[in-house]
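The values are calculated or read from the model by the stated rules, or taken from the named source; none is laboratory data. Since the model is a prediction, treat every value here as computed from it, not as a measurement. Note that we place each Cβ from the backbone using ideal geometry, even for glycine, and neighbour counts take in every protein chain shown.
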Amino acid sequence: MRKALDRRSLLKAAGAGAGWLAFESMLPAWAQTGSPGIAPAMTTLAGPDVALSIGRSPFTVGGRTGHAVTINGTLPAPLLRLREGQNVRLAVTNTLDEDTSIHWHGVLLPFQMDGVPGISFPGIRPRETFVYEFPIIQAGTFWYHSHSGLQEALGHYGPIIIDPASRDPVEYDREHVLVLSDWSFMHPHQILARLKQSPGYFNYQRTTVAGLLSGEDRMSAADRRMWAEMRMDPRDVLDVSGSTYTYLINGHGPDEHWTGLFRPGERVRLRIINASAMSIFNVRIPGLAMTVVQADGENVRPVETDEFQISVAETYDVIVTPTEDRAYTIVSEAIDRSGMGRATLAPRLGMSGEVPPLREVPNLTMRDMGMNMGGMGGMNHDMPGAMAGMDHSGMDMSGMQMDGMQMGAADHSAGGHSAMNMRDPENAPPDMAVGVGVQTISPMPQNRMGERPVGLENVDHRVLVYTDLIALAPNRDRRAPSRAMEIHLTGNMERFMWGFDGRRFSELVEPIRFERNERVRVTLVNDTMMSHPIHLHGHFFELVNGHDGHQPLKHTVNVAPGGKVTFDLTADNPGDWAFHCHLLLHMHAGMFNVVTIRPLDGDVS
């Protein structure tokens with residue numbers, strides 16, 4: 001039976017003169033919030049039977065109205081509240097004039113229920129209903145979204161909370177769900193077309209002559225010349241920026257700041273989901289420490305921090321304990337510093353916290369190219385502006401070998417960086433297809449899981465890194481991997497082409513094959529200068545981050561530019577599963593493949 005509770009109707013029934021706090025305990029956690037003058041219907045649906053209808057609705061933000069793809073008429077879609085141990089039936093009706101689908105992101109289920117058209121089911125055709133049915137075998141914070149076309153960018157996403165069957169190890173007095181996302185009035189197909197025509201179309205923060213003269217760009221003339229000759233942009237941090245995106249929290253723009261309530265002294269659990277199409281965020285609450293207790297729905301040992309980066313499709317649960325009778329601002333700042341989402345934690349409606357200004361635009365470094373030049377004469381090339389003042393004309397790089405990349409007689413004073421063109425078939429891994437889809441090959445990719453993310457290297461407070469994450473429970477499979485494999489993340493920014501090992505999915509690539517219950521160590525190598533959040537459906541993998549036996553479980557991992565990430569996978573869920581970059585336009589442009597695990601149940605071996 002479906003349970004739904006509409007905040008607007010409940011407040012109306014309670015009477016116009018009733019105080020909010022008097023009635024907030026009657027509301028589900030998702031609805032225990034409000035913003036003055038804004039009263040969207042925040043609906044919670046609970047199992048075992050849930051009805052969802054996908055259609056088009058007007059969506060207004062910042063005084064403008066556009067058309068969204070919504071579920072049950074809301075953006076974000078309704079919160080699904082489920083319980084570990086139950087069976088759930090989700091009847092999804094398509095009222096669009098095109099096919100649609102729902103993928104249950106991070107939820108472990110049979111592959112036929114995973115919701116990826118062409119891989120696990122045919123999709124949901126217009127005016128048809130598809131019933132997803134599966135047992136709930138886990139607990140945590142997850143989300144759901146379309147896997148059809150670019151509907152996800154138009155609002156087709158929503159949160160999932162699965163409550164544990166037994167006692168929750170995380171103690172809290174109140175919770176709020178925060179769905180971070182990006183919204184553009186430009187259709188995503190138009191955005192993709194612009195990027196195909198000009199990859200820097202949305203980058204309004206490039207270095208300038210004025211910035212060079214004033215020092216604002218934090219780069220020397222020699223640095224700029226070097227980047228220009230390599231036809232690379234040191235501020236190409238996000239493909240799509242705040243020049244077209246409005247950054248939302250729970251469907252609210254920064255000027256309509258969504259507000260979550262608390263009483264001073266309460267332990268407040270914030271379930272934070274990055275449901276954006278193309279935006280990676282740095283999250284902080286100035287004046288309030290956060291204790292991370294869950295990553296991607298899996299419990300971790302509590303770790304206190306002041307800021308963390310959340311890539312597309314990741315989730316983090318944090319505990320905050322505000323003790324003062326004041327408002328706090330929740331900031332989700334795009335990593336290229338082109339805009340931010342804003343929400344408020346407050347003891348009463350109508351309060352606002354101080355909103356910090358956007359911080360300076362980060363500059364990428366040689367390390368983001370996969371070039372570890374820290375040993376060159378003691379110079380630190382990992383720091384922004386570290387190459388400033390460097391006399392390239394006096395650098396003797398003859399004979400210097402960088403993992404197969406011969407620097408030779410490159411004349412840096414004249415800008416002769418042809419030797420730094422890393423797209424050299426001689427340096428490519430044997431299984432890589434080196435064509436127009438491979439612009440660069442990282443000569444010295446580094447494990448960067450212990451490094452602060454791009455733009456947060458020098459902030460004066462604590463920053464969460466992947467090596468801080470330690471699984472709360474011991475890893476279940478302690479077997480050593482029986483084999484290892486390496487997958488390269490490749491691309492060509494000038495053509496906006498993306499793929500794995502130099503191949504786009506449209507090129508009829510071979511699937512990645514695992515034996516059922518096989519234990520494999522997988523290393524992802526990022527040969528590009530963009531971050532890539534890589535997601536594997538139907539499984540959690542263990543990040544190899546130095547915590548043997550308590551390696552954190554993740555379903556999505558961000559691979560830093562020029563970096564690499566290693567994880568251990570137990571291929572214990574048979575079927576065909578999507579494996580892709582969760583930057584929606586990167587996936588659409590080719591960074592997608594299928595992982596196939598055999599035998600299936602009932603197969604004769």
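Could you please find all residues in region 466-482 being assigned to a loop (DSSP other than H, G, I, E, B) and surrounded by 15 or more Cβ atoms within 10 Å (Cβ to Cβ)? Give the steps one after another, and end with the answer.
Taking region 466-482 and keeping what is assigned to a loop (DSSP other than H, G, I, E, B), we get 469-470, 472-482.
Listed by number, the residues that qualify are L469, I470, L472, N475, P481.
Identify all residues within region 581-605 that are under 19 Å from H555 (Cα atoms) and assigned to a strand (DSSP E or B); write none if there are none. Matches in region 581-605: C581, F592, N593, V594, V595, T596, I597. Every condition in (1) under 18 Å from I280 (Cβ atoms); (2) buried (at least 24 other Cβ atoms within 10 Å of the Cβ) holds for H537 except the one numbered (1).
Please work out which residue is farthest from H537 (Cα to Cα), limiting yourself to region 112-130 and to residues that are of a type in the set (A, V, I, L, M) and part of a loop (DSSP other than H, G, I, E, B). It would help to see each step written out before you state the result.
Let us first name the residues in region 112-130 that are of a type in the set (A, V, I, L, M), namely 113, 116, 119, 124.
From the residues that got through so far, the ones that are part of a loop (DSSP other than H, G, I, E, B) too are 116, 119.
Numbers: V116: 10, I119: 11 Å.
Looking at residues that are of a type in the set (A, V, I, L, M) and part of a loop (DSSP other than H, G, I, E, B), I get I119.
Please tell me if G149 is over 30 Å from P264 (Cβ atoms) and part of a strand (DSSP E or B). No, not satisfied.
Yes/no per residue for (1) farther than 19 Å from P481 by Cβ; (2) touching a Gly at 6+ places or on another chain (Cβ under 6 Å); (3) in contact (Cβ under 8 Å) with a residue 24 or more places away in the chain:
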| site | (1), (2), (3) |
| --- | --- |
| R504 | yes, yes, yes |
| P511 | yes, no, yes |
| V557 | no, no, yes |
| K564 | no, no, yes |
| C581 | yes, no, yes |
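Evaluation of F134 against the conditions (1) modelled with pLDDT under 95; (2) over 19 Å from the mean Cα position of the chain (by Cα) shows that the sole unmet condition is (1).
Considering only region 500-543, state which residues are in a loop (DSSP other than H, G, I, E, B), among the hydrophobic types (A, V, I, L, M, F, W, C) and within 22 Å of the chain's Cα centre (by Cα). It would help to see each step written out before you state the result.
Of region 500-543, the ones in a loop (DSSP other than H, G, I, E, B) are 501-502, 504, 508-511, 516-517, 527-531, 537-540.
Those still in the list that are among the hydrophobic types (A, V, I, L, M, F, W, C) too: 508-509, 529-530, 540.
Scanning region 500-543 gives M529, M530, F540.
Filtering region 447-456 for residues that are under 24 Å from W577 (Cβ atoms) and part of a loop (DSSP other than H, G, I, E, B) leaves a non-empty set.
Is it the case that P474 is under 20 Å from the mean Cα position of the chain (by Cα) and farther than 30 Å from F121 by Cβ?
So P474 does not fit the description; no.
Can you tell me which residues in region 288-331 are assigned to a strand (DSSP E or B), of a type in the set (S, T, Y) and surrounded by fewer than 21 Cβ atoms within 10 Å (Cβ to Cβ)?
T291, T305
Residues of region 78-120 being surrounded by fewer than 21 Cβ atoms within 10 Å (Cβ to Cβ) and of a type in the set (D, E, K, R), which ones? Within region 78-120, R81, R83, E84, R89, D97, E98, D99 meet the criteria.
Yes/no matrix, rows are residues, columns are (1) more than 21 Å from G546 (Cβ to Cβ); (2) surrounded by fewer than 20 Cβ atoms within 10 Å (Cβ to Cβ); (3) of a type in the set (S, T, Y):
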{"site": "L464", "(1), (2), (3)": "no, no, no"}
{"site": "E486", "(1), (2), (3)": "no, yes, no"}
{"site": "R495", "(1), (2), (3)": "yes, yes, no"}
{"site": "R503", "(1), (2), (3)": "yes, no, no"}
{"site": "E510", "(1), (2), (3)": "yes, yes, no"}
{"site": "E518", "(1), (2), (3)": "yes, yes, no"}
{"site": "V522", "(1), (2), (3)": "no, no, no"}
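Of all residues in region 112-145, those satisfying the criterion of being touching a Phe, Trp or Tyr at 6+ places or on another chain (Cβ under 8 Å), under 21 Å from P78 (Cα atoms) and free of Cβ contacts under 8 Å to residues at least 40 places away in the same chain are M113, G115, F130.
Select from region 576-605 the residues that are small (G, A, S) and crowded, with 21+ Cβ neighbours inside 10 Å and list them in ascending order. Scanning region 576-605 gives A578, A589, G590. Residues in region 544-560 that are assigned to a strand (DSSP E or B) and under 29 Å from N492 (Cα atoms): 5 in all. Note on region 542-595: among residues that are out of contact with any Phe, Trp or Tyr (no Cβ under 8 Å at 6 or more places or on another chain) and among the acidic types (D, E), the one that is farthest from G149 (Cα to Cα) is D548.
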